[in-house]
1. Name the one entry in 349, 329, 379, 313 that is of a type in the set (D, E, K, R) and under 30 Å from residue 134 (Cα atoms).
2. Against the condition within 11 Å of the ligand (Cβ to nearest atom), at negative phi and at pLDDT below 95, how does residue 69 come out, does it pass?
3. Between a first residue in segment 250-266 that is farther than 14 Å from residue 23 by Cα and a second residue that is of a type in the set (S, T, N, Q), which pairs have beta carbons less than 6 Å apart while being 6 or more apart in sequence or on different chains?
4. So residue 320 clears everything in (1) more than 12 Å from the ligand (Cβ to nearest atom); (2) touching a residue at least 40 places away in the same chain (Cβ under 8 Å) except one condition, right? Which one?
5. Quickly run through segment 353-398 and pick out the residues that are closer than 21 Å to residue 286 by Cα and either modelled with pLDDT under 95 or open to solvent by 40 Å² or more (accessible area, probe 1.4 Å) (or both).
6. Does residue 210 satisfy the criteria of being within 21 Å of residue 164 (Cα to Cα), in a helix (DSSP H, G or I) and over 24 Å from the mean Cα position of the chain (by Cα)?
7. Among the residues of segment 341-352, write down those that are under 23 Å from residue 33 (Cβ atoms) and open to solvent by less than 40 Å² (accessible area, probe 1.4 Å).
8. Show the residue pairs meeting these rules: Cβ distance below 7 Å; 6+ apart or different chains; first residue within segment 48-67 and within 16 Å of residue 304 (Cα to Cα); second residue crowded, with 24+ Cβ neighbours inside 10 Å and of a type in the set (Phe, Trp, Tyr).
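The values are calculated or read from the model by the stated rules, or taken from the named source; none is laboratory data. This one's a predicted model, so the numbers in the text were calculated from it and none came from an experiment. We place every Cβ from the backbone using ideal geometry, glycine too, and count neighbours over all the protein chains shown. Please note that ligands, DNA and RNA were not included when accessible areas were found on the heavy atoms of the full protein model with its side chains. Shrake-Rupley method; radii C 1.70, N 1.55, O 1.52, S 1.80 Å.
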Amino acid sequence: APPPVAPPPVAPPLPVAPPPDRPFALPAGLGALSAAAPVVRVSLLDGSQAWLVTRHAEARAVLGDHRRFSSVPTAPGYPRSGMVGGSTADTAVASLGFIRMDPPDHTRIRRMLTHEFMVRRIEELRPGIERIADELCDAMERAPRPVDLVADFALPLTSSVIGLLLGVPAADHPLFRDLTARANRIANTPREAARVLDELAGYLDELVAAKEREPGDDLLGRLVVERLRTGELSRPDLLAVAAVLLIGGFETTANMISLSALSLMRDPETAERLRREPALMKGAVTELLRFHGIIRNGPRRAVTEDVEIGGQRLAAGEGVIIAVSAANRDPEEFQDPDTVDVCRPNASRHVAFGFGVHQCLGQTLARLELQVALATLSRRFPAMRPAAPLARMRFRADMTIYGLHALPVIW
Ligand code: HEM
């Protein structure tokens, strides 16, 4: 009899979920992949394969090289499976606009937005964010306990802030929150992904039509007056800008707020230190962004020309996924990486916001919201604690953005 033929080596699945008993750990298996090599093969839900970049230096090398690593989902090899906007629908909104473009298209549109997100402009939002945070705390005080810190604080805070910035009426918040939640499921089929983004496009079309009739003094209103009417920005591109800001602009920050609040409740020494020394909050937020590394399913790129990285040859037409969470816990870069150290000197070298030309446009706003949220909670509810054991908490292992589905708390 002929000798049995060895099956081809099977690439392990892309790790996204931490072990159930260690919700703050890296996704199960990712630590081992990272220890084995900086660049490894993984398989995706649809059976396709991609390269996974697991270390800090290589993550920065890929994210910093937009020429060899394209963000365009229609580029050959771009790993679409399980990705928001990874559907095959070919509209501006479905592909999520400039976050999925390469320079020079990307540069042209991003430039129209950068001044809106400058530190000074964002700082002007601080009193408004503080007021929203305090009002939510007032309501929590009146509500029966336990209170759900996700539904009653983190989500309403960040969706109100993005609504304020973009000029989205409060009555629409439940709708765009629901659409975002549906868009961010890892297990979405391309059809489901396309359907959600279609619905979002329909909603945004009405929203922008209202702005065209009556542009207010908000980001979308200004884009209508300064860019749409001047012909600099097409209407589909404007809809896609609105889509990426809405989809990217609040669930991310909300999950960082609830994860950070939970990790501080479980570390009373650090929480007390932040209460005593509020000046440490800024660095603490940076460190929490590193530690939690909540983007679990991307960023993604397509290789445009053969390139060697981390000792591997990547061929043009292959896909790449950057494991931000693993890069943020690379022991070569961060000493004792699984510990939260609010005074870590190099915490700001994390890649939680990406790196390179696509580095998060909203990061100043996200950091401000996190600082205000955590400081307000710690001032208003110093005795707040989880109302359920960790093992019973529902973590978002099924979502492209890690975090908590709910966080019941008492005080
Ligand atoms: C891009 C993470 C909050 C708007 C990115 C990227 C990451 C990221 C990793 C890079 C994607 C890539 O390279 O393909 C986060 C995290 C957040 C957060 C972890 C919260 C903790 C926000 C907020 C906004 C925002 C609050 C808007 C108000 C954007 C936009 C881009 C982006 C517009 C695309 C930038 C570009 O392609 O040039 N974000 N983000 N993000 N983010 Fe964020």
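1. 379
2. no
3. Between residues of segment 250-266 that are farther than 14 Å from residue 23 by Cα and residues that are of a type in the set (S, T, N, Q), the close pairs are 250/158; 250/159; 251/180; 253/158; 254/158.
4. With respect to (1) more than 12 Å from the ligand (Cβ to nearest atom); (2) touching a residue at least 40 places away in the same chain (Cβ under 8 Å), residue 320 is out only on (1).
5. Of everything in segment 353-398, those that are closer than 21 Å to residue 286 by Cα and either modelled with pLDDT under 95 or open to solvent by 40 Å² or more (accessible area, probe 1.4 Å) (or both) turn out to be 355, 357, 359, 360, 367, 375, 379.
6. So residue 210 passes the test.
7. Passing the criteria: 350, 351, 352.
8. 62/69
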